[in-house]
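Structure record follows, encoded as structure tokens.
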Amino acid sequence: MAHLASHTWTSLPKRAVVLVPVGSIEQHGPHLPLDTDTAIATAVADRAAELVEDRSVVVAPALSYGSSGEHQTFPGTASIGSSALQQVVIELVRSVRTWAERVVIVNAHGGNVTAVQGAVAQLKKEGHDVDWLPCATEDVDLHAGFTETSLMLHLRPADVRLDLAEAGNCAPLAEILPTMVEHGVRAVSPNGVLGDPAGASAQRGAELLDMMAQLVASRVPAQAES
């Protein structure tokens, strides 16, 4: 595995498969850094590339700005919106596909899904071999809770402020989604947390990262669906 940015134009593999991490810059409660989603997407892509053990797989620099309008009332959030993100993904993949055999988007922010799905659908209509896969961090809790806190304790422990960690709204997504869509995350969680970071650990973060990376790695060589 190698990073795209470290290559020269002559050193790239001839049938490259490019993983593109997509994250966000948005609030993650009082205890996690604003680039949590981007850090997770990048780490999952890097680990997945290692698991594939194929020199043709390269990891592109992350798309750090995503669609985070639901977090906009919290300082630090920097969102480009769904329409802009969709077009960025489309144009990026069109460019990369002029020399790469396949592109896989590795997305770590739920707010990006509409844009990423729309972009991939359009690109497939154009005949591009492209797919997208999630970093499935929402199986335990939704946002800045146990899962993401564990991942960041593993990836960047110095940036996790455990002394400020506190539970937020722990209700299921279906219960809070209508209010969140209409009024944003702050309307359902004043501290920006959807879940509970209690008990998070670096060991659990390492296990979660490996699990997510294995899922991505299993799909990297696959042909895009027609």
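Laboratory data are not the source of any read-out in this text; all were calculated from the coordinates shown. None of the values given here were measured: they were computed from a predicted structure. Please note: Cβ atoms are built from the backbone with ideal geometry, for glycine as well, and neighbour counts cover all protein chains shown.
In the chain, with Lys and Arg counted as +1 and Asp and Glu as -1 at Cβ, which of these residues, MET212, VAL96, HIS183, has the Cα nearest the positive end of the dipole, that is, farthest along it?
Result: VAL96.
By the gyration tensor of its Cα atoms, with a ≥ b ≥ c the square roots of the eigenvalues, what is the shape of the range 123-189: rounded for a/c under 1.5, prolate for a/b over b/c, or oblate?
On the way: a/c = 2.79, a/b = 1.32, b/c = 2.11.
Oblate, since a/c reaches 1.5 and b/c is not below a/b.
Taking the Cα centre of the range 165-225 as origin and charging only Cβ (+1 Lys, Arg; -1 Asp, Glu), how large is the dipole, in debye to the nearest 20? Can you show the working numbers first?
Numbers: 3 positive and 7 negative charges, 20 e Å.
Around 100 debye, computed over the range 165-225.
I'm spelling it out carefully: the read-out is Rg and Dmax of the Cα atoms in Å, the candidates are (i) 17.6, 56; (ii) 17.7, 60; (iii) 17.3, 53, and one was derived from this structure. Which label?
Recomputing Rg and Dmax of the Cα atoms in Å here gives the entry labelled (iii).
So how far, in whole Å, is the C-alpha centre of the range 155-214 from the one of the range 1-45?
For the range 155-214 versus the range 1-45, the Cα centre distance is 21 Å.
Apply the a/c threshold of 1.5 to the C-alpha gyration tensor of the range 21-98 and tell me whether it is rounded, prolate or oblate. Provide the component values of the computation, followed by the final result.
Working: a/c = 4.18, a/b = 1.44, b/c = 2.91.
Oblate.
By its C-alpha gyration tensor, with a ≥ b ≥ c as the square roots of the eigenvalues, how is the range 34-149 shaped: rounded for a/c under 1.5, else prolate for a/b larger than b/c, else oblate?
Numbers: a/c = 2.07, a/b = 1.30, b/c = 1.60.
In terms of gyration-tensor shape, oblate.
Could you work out [θ]222 nm for the chain from helices alone, using -39500 (n - 2.57) per DSSP H run of at least four and dividing by all its residues? Round to the nearest 500 deg cm²/dmol. It would help to have the intermediate numbers written out before the result.
Values: 6 runs with 84 residues, N = 226.
It lands at -12000 deg cm²/dmol.
Dipole of the chain, Cα-centred, from +1 at each Lys and Arg C-beta and -1 at each Asp and Glu C-beta, to the nearest 20 debye? Walk me through the numbers before you get to the answer.
Details: 14 positive and 26 negative charges, 163 e Å.
Using only the charged Cβ atoms, the result is roughly 780 debye.
Tell me the label-point distance for the pair ARG94, ARG15, using the 7 Å Cα-to-Cβ offset, in nm and rounded to one decimal.
It is 2.7 nm.
Once the Cβ-Cβ distance between LEU177 and ASP54 is put in as r, and R0 is 41 Å, what FRET efficiency do you end up with, to the nearest 0.05?
Values: r = 39 Å, r/R0 = 0.95.
Step by step, r from the Cβ atoms, then E = 0.60.
Can you give me the distance in nm between label points at LEU164 and THR114, each placed 7 Å from the Cα along the Cα-to-Cβ direction?
So the label points at LEU164 and THR114 sit 3.0 nm apart.
What number, in percent, do you get for the relative contact order of the chain if the mean sequence gap of Cα pairs under 8 Å and at least 6 apart is divided by its residue count?
That works out to 25 percent.
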